[in-house]
Each structure stands twice: as C-alpha cells, then as structure tokens.
Amino acid sequence: MLFKQQAWLRQKLLVLGSLAVGSLLYLVARVGSLDRLQPICPIEGRFGARSQAEFPLRALQFKRGLLHEFRKGNTSKEQVRLHDLVQQLPKAIIIGVRKGGTRALLEMLNLHPAVVKASQEIHFFDNDENYAKGIEWYRKKMPFSYPQQITIEKSPAYFITEEVPERIYKMNSSIKLLIIVREPTTRAISDYTQVLEGKERKNKTYYKFEKLAIDPNTCEVNTKYKAVRTSIYTKHLERWLKYFPIEQFHIVDGDRLISEPLPELQLVEKFLNLPPRISQYNLYFNATRGFYCLRFNIIFNKCLAGSKGRIHPEVDPSVITKLRKFFHPFNQKFYQITGRTLNWP
C-alpha cells in the first residue's frame, strides 16, 4: 500500500514538474518576445498624426499576429477597423538593382517593428498594364499597417525602366529610394545564373556567359546584353536624378550586406529616420546555408529561400578582367555622384 502511494506521489510530482517546466519555457519565450516589442517613442512627425505619441505596443504585436492572420484571410473588416489598420502607400521603395540583394534587404528591414513590407513585387510603375489600373489599385496591393508604421515595397526592375522615375515622382516627390548594388561583374554573372537555372528547369539550352557578355565580332564587352547594361549603375541613376535629388537616395552595399549585414542595416535605419532597433541578436550566420538568417524573437527565425546564394558557373578569368576594366570608369562616376566609395576592383 505504501509502495503504491509512493509511486502515485512520484507520478504526481513528475506531472507537476512537467507543467512547471512548460510554464517556465512559455514565460521565457514571452519575455523574449516582449523584449522585441519595446515601444518606439517618440517618432517626430514621420509616421502620421499621432507622431508625438508612443508607438503603441499593440502595433508591434499586430505585426507578428494580426497581420499574419489577415494574410491567411482570417481577419474581418470589423477587426481591421477596430485595430485602426490601413493600407498605406509606401514611404520608401527599394527600386533595385536586380540580383543586388533586394529580397534580403527587404526581409532584413522587416525586422524593424516600425516597418511593414509588401511580400510580393508589385511591378506597378514598370508595368504599363498595372500602372493603368491607377494608384488605388497600387494602394490595395499594400499590406495592412498602423498609421505610425511605414510600408516598403521592392521591385528591382524599377531602377532600369525608363518611365518609372517620373511615375514615382508623380505619386510622391519626397519618397525615399533605396538602391542596393553589388560589384558589377559579380552582379552580371548572378543575373546570368538565375536565367540559366530557369532555362535548365525547362530543359532548354543557353549560351555560356562569355559568349553573351563579349561581342564575338569585336571582342569587346557587349553592351546590348541586358545583364551588362543593368550593371552600368551610373547610367540608370542619372535618369533618376532628373526627378529626385541625390539626398533622397541611399546606396546599400549588397556585398557587405552578405558578409556583414548589421552596419548596412543601421545606415538604412538612419536614412529612413527610424529609431535603431535592429541588433546583432536579430542576425545569425547559418553555416549550412552560408549566409545570415533572421531572428525576430526567441521563437521565430527565418532564412531566405533556398534559391538565394546560387553557385555561379566558372567564368573565363580574362572575361572577368575585361568586364571589370569596362565597368571601372562607370563605377568611379557612380562613387562621385552618390558620395559612397565601394571596394570594387
């Protein structure tokens, strides 16, 4: 009898112990989550009428909760109204460049509790059919947010599309514009690699990079090849400067964002007039993937899609040398215009 009572007591203590451990783990997770959800205060005149008020804690809770539910279609219009949610036009746009790291930049900026990102590329300003649908169509493509938060979208084709600067200017002449660039030759090869992968998935053949990048008749760099043209950053930027002053642009070093993301993100926070919130805690290196992943709190982590960080094909060193020599004067002019010198060969 005594033995049975002791066994029953041990079982009871085991259950209570499990509950205690579970409760403790919940509290740790909750504290970690709340630590991320510190109010932002004050944000001077930047995010709407309630600029002098503290950034509400519920706005930050909404980012990871209500927004997720709304995306799944589980939130009613009444809940949206009740929580003061709105669909805002972006106050900042990542306009390019393709294969520069636009997705990584957008996802990393989304670590900031005052930033809400558009999940998909909208292609409003570079697509005539979409643009003809009007600005309200564009607004409805934006995520729900609080008035004090800022919405950011990214569409890399904006940077190289001729009509886009004027169209964005007509929407908001004071908008902030983010351009993320990589070393031009590396970017061109990355661009080629993405297209090559698409061809291979469809069992199609494709020219080698060298044949596309170098004109076989002149043996000079083929400026008709889109991957090369896109990497002539200064040519595209000059078109944007007809509408926007250089102060409205911020250049992000895409190569540094890969190897050392935090300093680059802190520069963007400053450019967007955001209080500093992204820290080293939010970024951790994933040795398996070979690049940094994101940590929102003790529970929620996120890595970029597996398609990021594709292995580039071997390229003839003489072609790489020729391309770098070709890009060099354009790079120097880009440094001069932007005021940012990058460590490109």
| Pairs beyond 25 Å (Cα-Cα), from Lys154/Lys208; Lys117/Lys199; Lys99/Lys204; Lys202/Lys302 | Lys154/Lys208; Lys117/Lys199; Lys202/Lys302
| field | Ordering of 269-277, 100-108 by burial proxy (mean other Cβ atoms within 10 Å per residue, highest first) | value | 100-108, 269-277
| remark: Rounded to one decimal in nm, the spacing of the 7 Å Cα→Cβ label points at Ser173 and Leu241 is 2.0 nm
| Rounded to the nearest whole Å³, what is the per residue volume of the convex hull around the Cα atoms of region 83-338? | 156 Å³
| query | Short version: ³J(HN,Hα) in whole Hz for each residue of region 230-238, in order, from phi by Karplus 6.51 cos²θ - 1.76 cosθ + 1.60 (θ = phi - 60°), x for Gly and Pro, what are they? | reply | 4, 7, 8, 4, 4, 4, 6, 4, 4
| field | Mean Cβ neighbour count within 10 Å, used as a protection proxy, ranking 87-97, 205-215 highest first | value | 87-97, 205-215
| task | With a 1.4 Å probe and every protein chain kept in, tell me what percent of the accessible surface of region 208-271 is carbon plus sulfur. | result | 53 percent
| note | By accessible area (1.4 Å), largest first, His236, His328 order as His328, His236
| request: Mind ranking Asp191, Asp84 by accessible surface for me, highest first, 1.4 Å probe? | output: Asp84, Asp191
| note | Computed over region 83-338, protein heavy atoms only, probe 1.4 angstrom, the accessible area per residue in square angstrom equals 47 Å²
| message | Whole-Hz ³J(HN,Hα) for each residue in region 251-257, computed from phi via Karplus 6.51 cos²θ - 1.76 cosθ + 1.60 with θ = phi - 60°, x for glycine and proline: what do you get? | response | 8, 9, 7, x, 5, 6, 4
| Arranged from highest to lowest average of other beta-carbon atoms within 10 Å per residue, in what order do the peptides 130-137, 238-245 appear? | 238-245, 130-137
| query | Of the cross-linked pairs Lys226/Lys322; Lys91/Lys133; Lys235/Lys270, which ones have a Cα-Cα span greater than 22 Å in the structure shown? | reply | Lys235/Lys270
| Residue-span extension gain [Lys224 to Phe291] - 0.36 nm each, minus C-alpha spacing | 20.8 nm
| message | For Ser145, Ser318, give me the order by solvent-accessible area with a 1.4 Å probe, most accessible first, ignoring ligands, DNA and RNA. | response | Ser318, Ser145
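The values are calculated or read from the model by the stated rules, or taken from the named source; none is laboratory data. Quantities reported herein were computed from a predicted structural model and do not represent experimental measurements. Quick reminder, even Gly has a Cβ in these numbers, built from the backbone with ideal geometry, and neighbours come from all protein chains shown. Heavy atoms of the whole protein, side chains included, go into the accessibility calculation; ligands, DNA and RNA do not. Shrake-Rupley method; radii C 1.70, N 1.55, O 1.52, S 1.80 Å.
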